[in-house]
Structures are given as structure tokens and as C-alpha cells.
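Notes to accompany the following structure.
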């Protein structure tokens, strides 16, 4: 695991909803850096519009909180489009429900591996949108997220490859 670079040290927690999202994106990216050893897309962590950069990224970025059966708590515009929801709707979806019922036990085993190792790269799996549209996510990186105090705060995923047609490949 990499040592935390001085520019990536925790900042004071932020309190309003916009600031919560900005802090959450910062936590996602800091956790990614600490676990994988490189910045996500070489982003500058001091960029004042970092939250907007991720919000409008071509990559899907999505996260859920802690707990036995967590709800999603963040999705950028790409992720929201894939799941055919807005952010308020996404926050009402348990992350396990993004996988079909027959694959939820496989997903849980995978998520346990992420919790134990800290991250996993190269994951692929079929997901379903809020309208029931099936799509395959490919080359996914999933990682554990910590908050500004270093406490576990959930898990996040990013990917830029998905397919609506070839669900079995």
C-alpha cells in the first residue's frame, strides 16, 4: 500500500449536500490512490472542480455505503444514465439489487474479496437498470473507501466499458 501523499491528506469534513458530494468524491479518489498506487485518470486532487470532473467523466463512478446491505450513495452522470435513474432514485437502491437475483450470491462473494484485499481490478458482470435493461460491465475496478478520518466508508467502482448486446462474453 502506498503512503499517503501530503497533497492527499484528509481535509476538514464538509457539511452541506454539495460539499458532502465534493468531500465524498475526494474520499473515493484518495482511497483509490492509496490502494492502487496511482491517481484515477491522473487527476489533480487540488483541482477546485474535481467533483464536477468526476460527475461528467466518461467513466462510470458509483459507490455504496457500509453495512450488511448498503444503499448506493453516489453515482456520476454516466452511472446514473446506465442505471436509468437520478441521484435521489439511486440512493434508494440497495447495491446488491444492481445484480440479478441469480447472481447476487456471486456478487457478495466478490465483494467479500474486495473487503479483504482492498481492491480488485478486471471484474466483469451483468447489471440491471431501474427499468430492467440488462448490461454487462467490463474491466471494473472496485475498491474500499475510507472517510476523511480513515474509517471505512463503503466501496466504489469505476468502469468505462459496458455492453448491452454481448451479455455472455
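The values are calculated or read from the model by the stated rules, or taken from the named source; none is laboratory data. Predicted, not measured: the structure shown is a model, and the values here were computed from it. Backbone-built Cβ (ideal geometry, glycine too); neighbour counts: all protein chains shown.
Going by what's in this entry, would residue 20 be described as surrounded by fewer than 19 Cβ atoms within 10 Å (Cβ to Cβ) and in contact (Cβ under 8 Å) with a residue 24 or more places away in the chain? Break it down stepwise before answering.
Working: surrounded by fewer than 19 Cβ atoms within 10 Å (Cβ to Cβ): yes; in contact (Cβ under 8 Å) with a residue 24 or more places away in the chain: no.
So residue 20 fails the test.
Residues checked against (1) over 27 Å from residue 30 (Cβ atoms); (2) without any contact (Cβ under 8 Å) to a residue 40 or more places away in the chain; (3) over 15 Å from the mean Cα position of the chain (by Cα):
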residue	(1), (2), (3)
77	no, yes, no
82	no, no, no
91	no, yes, no
104	yes, yes, yes
130	yes, no, yes
133	yes, no, yes
144	no, no, no
150	no, no, yes
153	no, no, no
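Check whether at least one residue in the stretch 105-120 is within 18 Å of residue 72 (Cβ to Cβ), in contact with a helix residue (DSSP H, G or I) (Cβ under 6 Å, 6 or more places away or on another chain) and outside any helix (DSSP H, G or I), and report yes or no.
no
Checked across the stretch 147-166, the condition of being touching a strand residue (DSSP E or B) at 6+ places or on another chain (Cβ under 6 Å), loosely packed, with under 12 Cβ neighbours inside 10 Å and not in a strand (DSSP E or B) holds for at least one residue.
Listed here are the helices (runs of 4 or more DSSP H) enclosed by the stretch 32-94 that have at least 2 residues being at pLDDT 95 or above and in contact with a helix residue (DSSP H, G or I) (Cβ under 9 Å, 6 or more places away or on another chain): 77-83, 87-90.
More than 30 Å from residue 42 (Cβ to Cβ) and surrounded by fewer than 18 Cβ atoms within 10 Å (Cβ to Cβ), is that true of residue 124? When the stated conditions are applied, residue 124 does not pass them.
Residue count for the stretch 22-39 satisfying the condition of being more than 15 Å from residue 146 (Cβ to Cβ) and under 15 Å from the mean Cα position of the chain (by Cα): 2.
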